[in-house]
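The values are calculated or read from the model by the stated rules, or taken from the named source; none is laboratory data. A quick note: this is a predicted structure, and the numbers were derived from the prediction, not measured. Using ideal geometry, Cβ is built from the backbone for each residue, glycine included, and neighbour counts are taken over all protein chains shown.
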Amino acid sequence: MIRAENVYFRYGNGKTVLRDINAEFRNGRIYGLLGMNGSGKTTLLKLLAGLLFPRQGRVTMDGNDIPARGIGTLMEIFLMQSGFRFGRTSLKQFLRLHSGFYPHFSMDILEDCLRETGLGMDIPDLDRISLGEKQKVMSAIAIASGTGFLLMDEPSEGMDIPSRKIFRKLLLRHLKEKQTAVISTHHVEELSDILSDIVILGSNGDIAFAGSVEDISERFAFGTSRSAEGALYSEPCPEGYRIIRRNDSGESGEMNLEMLFNAAIKGKLQ
């Protein structure tokens, strides 16, 4: 488990990006990390990966301080960064340099992921392929890494709709029972069917909302109504209002992730 305890972070300009972050990322779960632009999603992922160090608080993996950057800890964390640049290298050269760091890296999984996305191992220059193809390659490498914790920052950026669907399928196919994925994305609805947990960062760099999909479905009811009376949150729609109410029936319903996000950002959910 990765745990953030009372974490604060600010950059050199003095602006606090994250404040009093308390979160647990448990084994065997798929987390959606959501937030507005500038809310600190990328910063939090880098803190969880040990690329940034908290100004206050602790970030640990199974009790070990991630900022200490112990080899055994880093081998179990893979961060797929948004905007990552491969440089002028072939895929095979890149793998020779980097795959050996991850003891559970699987070439079979990598080849399966590339094949499903219409690519292959013979890419002579990773710098010359399109953004969408780069994202396919890096997501394939990430899934094949076999690390206990897979951190992905906008993994489907630049991908077309069919490719984003394939990415979700591959993640579910190859993610092992005890592996954890934390995915930062703006394509919230496309991932709603594979997420087990939601973490939403607020505009002040705090956690506006966090919970498991199961718990959310038990606590809240999502639907449409001609009236917004009694709703925790509502949005106008052709039928009247899309609403979130407290679930008093005790029956689990289908979650509307986009509405949950909007309500959390506006402070309507507790």
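Here are a few things to note about the model shown:
- Every condition in (1) farther than 24 Å from K165 by Cβ; (2) touching a residue at least 12 places away in the same chain (Cβ under 8 Å) holds for V213 except the one numbered (1).
- Pairs, first closer than 24 Å to S156 by Cα in segment 64-83, second small (G, A, S) and in a helix (DSSP H, G or I), C-beta under 8 Å, six or more apart: I77/A49; F78/A142; L79/A49; M80/S139; M80/A142
- Only residues that are surrounded by fewer than 20 Cβ atoms within 10 Å (Cβ to Cβ) and in contact with a strand residue (DSSP E or B) (Cβ under 8 Å, 6 or more places away or on another chain) were counted across segment 1-16, and they come to 8.
- Looking only at segment 147-162, and only at residues there that are more than 16 Å from G83 (Cα to Cα) and surrounded by 19 or more Cβ atoms within 10 Å (Cβ to Cβ), the one that is nearest to the chain's Cα centre (by Cα): L150
- When we screen S156, S130, S99, S145 for residues that are at pLDDT 95 or above and polar (S, T, N, Q), the only hit is S145.
- Candidate set: segment 163-187, residues that are surrounded by 19 or more Cβ atoms within 10 Å (Cβ to Cβ), aliphatic (A, V, I, L, M) and in contact (Cβ under 8 Å) with a residue 60 or more places away in the chain; chosen: the one nearest to I109 (Cα to Cα): L171
- Close contacts from segment 241-270, counting a first residue that is in a loop (DSSP other than H, G, I, E, B) and a second that is among the charged types (D, E, K, R), with Cβ to Cβ under 8 Å and a gap of 6+ residues or different chains, come to N247/E218; N247/R219; G250/E218; S252/E214; S252/E218; N256/R242.
- Where helices (runs of 4 or more DSSP H) fall wholly inside segment 145-222, the ranges with 2 or more residues that are within 22 Å of R246 (Cβ to Cβ) are 213-219.
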